[in-house]
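A.B. asks: Quick one: structure below, then a few questions.
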Amino acid sequence: MKNLEGIKTCNLFGTLSEKERAKILSVSVQKEYGRGDIIAQEGDKSRYVYIITEGQIKGTRFTSDGREIILEVFGHCDMIGQVAAIANEPYYYSAIALTRATVNMIKKEEFMELLRLNPGIAHKTFVALGKRLRAAQGKIEEFVSDKVEQRIAKLLMALSARMGNEIPFTRQEIAGMVGTTIETTIRVTSRFKEAKVIRTTRGNIIIIDRQKLGLLAEGPPIEIL
């Protein structure tokens, strides 16, 4: 089944005609994934570019000692694998479904042809990549300047803006995203729970006070924690 409605709502393709969108769908294959399924594997030869039309997918790498580092969380209309396709290199990270997810897969060669024939798509693709680069630079600055409590609060605020107040991440995954240990993450989130900012269930973090969490993201005042 071709997900035309999902493609229509994507900003990347919003200015295209019905005929042009139909062309994209004609070269794509829709596939559904369950939570934990691997969409693309780090180090594998790039064969497809993926457009997410439903669900959440994490981009992740593993260190030599097996520790997971989550680079980014992708959602509706985000694209995965375009850098590897453009550079003709293996996938830089693994893409793993966080929730049930639906993607449209486009073969690398057909994606490159789309960019060549459609300057509008090429422009929006590179704009999106530029935004990701700026976001990555911002994360580096946070690692240098922010305390771990602040980094975790900022991350939870950003994730909740995309996913709602129930965030489908374990504390191990949160640790991987902010560049700290699981022990530190458990200690910080326990303090957040004591302050009634969040609560946790198996595999989820639930925000119960966004105002306090926002203050923590600015810097953890003593009266909150």
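The values are calculated or read from the model by the stated rules, or taken from the named source; none is laboratory data. Bear in mind the structure is a predicted one, so any value in this text is a computation, not a measurement. Cβ placement follows ideal geometry from the backbone for every residue including glycine, while neighbour counts extend to all protein chains displayed.
A.B. asks: Being in contact (Cβ under 8 Å) with a residue 12 or more places away in the chain and in contact with a helix residue (DSSP H, G or I) (Cβ under 6 Å, 6 or more places away or on another chain), is that true of even one residue in region 57-65?
C.D. replies: no
A.B. asks: Of all residues in region 169-210, count the ones that are assigned to a loop (DSSP other than H, G, I, E, B), in contact with a Leu (Cβ under 8 Å, 6 or more places away or on another chain) and within 18 Å of residue 158 (Cα to Cα).
C.D. replies: Number of matching residues: 2.
A.B. asks: Shifting gears a bit: Could you list all residues from region 76-103 that are under 16 Å from residue 37 (Cβ atoms) and surrounded by fewer than 18 Cβ atoms within 10 Å (Cβ to Cβ)?
C.D. replies: Residues satisfying the conditions are 99, 100.
A.B. asks: Here is a further query. In region 89-112, which residues are in a helix (DSSP H, G or I) and in contact (Cβ under 8 Å) with a residue 12 or more places away in the chain?
C.D. replies: 108, 110, 111, 112
A.B. asks: To continue, here is another question. Can you go through 171, 191, 199 and tell me which one is charged (D, E, K, R) and touching a strand residue (DSSP E or B) at 6+ places or on another chain (Cβ under 7 Å)?
C.D. replies: 199
A.B. asks: Here's another thing I want to ask about it. Filter region 200-210 for residues that are free of Cβ contacts under 8 Å to residues at least 24 places away in the same chain and under 14 Å from residue 169 (Cβ atoms) and give the result.
C.D. replies: Residues satisfying the conditions are 201, 202.
A.B. asks: Here's a follow-up. Can you work out which of the residues in region 194-208 that are touching an Asp or Glu at 6+ places or on another chain (Cβ under 8 Å) and surrounded by fewer than 16 Cβ atoms within 10 Å (Cβ to Cβ) is modelled with the lowest pLDDT?
C.D. replies: Of everything passing the filter in region 194-208, 204 is modelled with the lowest pLDDT.
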